[in-house]
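See structure below.
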């Protein structure tokens, strides 16, 4: 199953749990071994693999032991800024999202519309 935006939280958690279990078994680890190396309880590993909610820090610990933590870089890559933009910003970073005007929110763009 693919992890897509349309999946429910429960379905996404179940799929993540299934993948964690497969990764653990591919490394020939028991749940107890994984839990011990990650510094979490065995019940935490069981909960993650069952697709139930857990703390994000526990997920990170488990992914680190499974050598999968760096895969999150592909999911949430660091923002790349051109050297010119970086010089212009000089230490500033964005803190808020801007709001759109009500006209741009209500009208959807269609082919043939002028930008």
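Values quoted throughout were computed directly from the atomic coordinates according to the rules given, and no laboratory measurement underlies them. Keep in mind it's a predicted model, so treat the numbers as computed, not measured. Neighbour counts are summed over all protein chains in view; Cβ atoms, including those assigned to glycine, are modelled from backbone coordinates with ideal geometry.
Computed over segment 9-75, relative contact order equals 35 percent, with contacts defined as Cα pairs under 8 Å that lie 6+ residues apart. Wrap a convex hull around the Cα atoms of segment 9-75, take a quarter of its surface area, and give that in square nanometres. Result: 4.1 nm². Largest GNM mean-square fluctuation across 43, 70, 82, computed for the chain with C-alpha springs under 10 Å, falls on 82.
By the count of neighbouring beta-carbon atoms within 10 Å, fewest first, 67, 42 end up ordered 67, 42.
Note that the chain carries a Kirkwood radius of 17.9 Å, evaluated over its alpha carbons pair by pair. If I model segment 4-44 as equal point scatterers sitting on the Cα atoms and use the Debye formula, what is log10 I(q)/I(0) at q = 0.18, 0.25, 0.33 Å⁻¹? Reported log10 I(q)/I(0), two decimals: -0.58, -0.84, -1.06.
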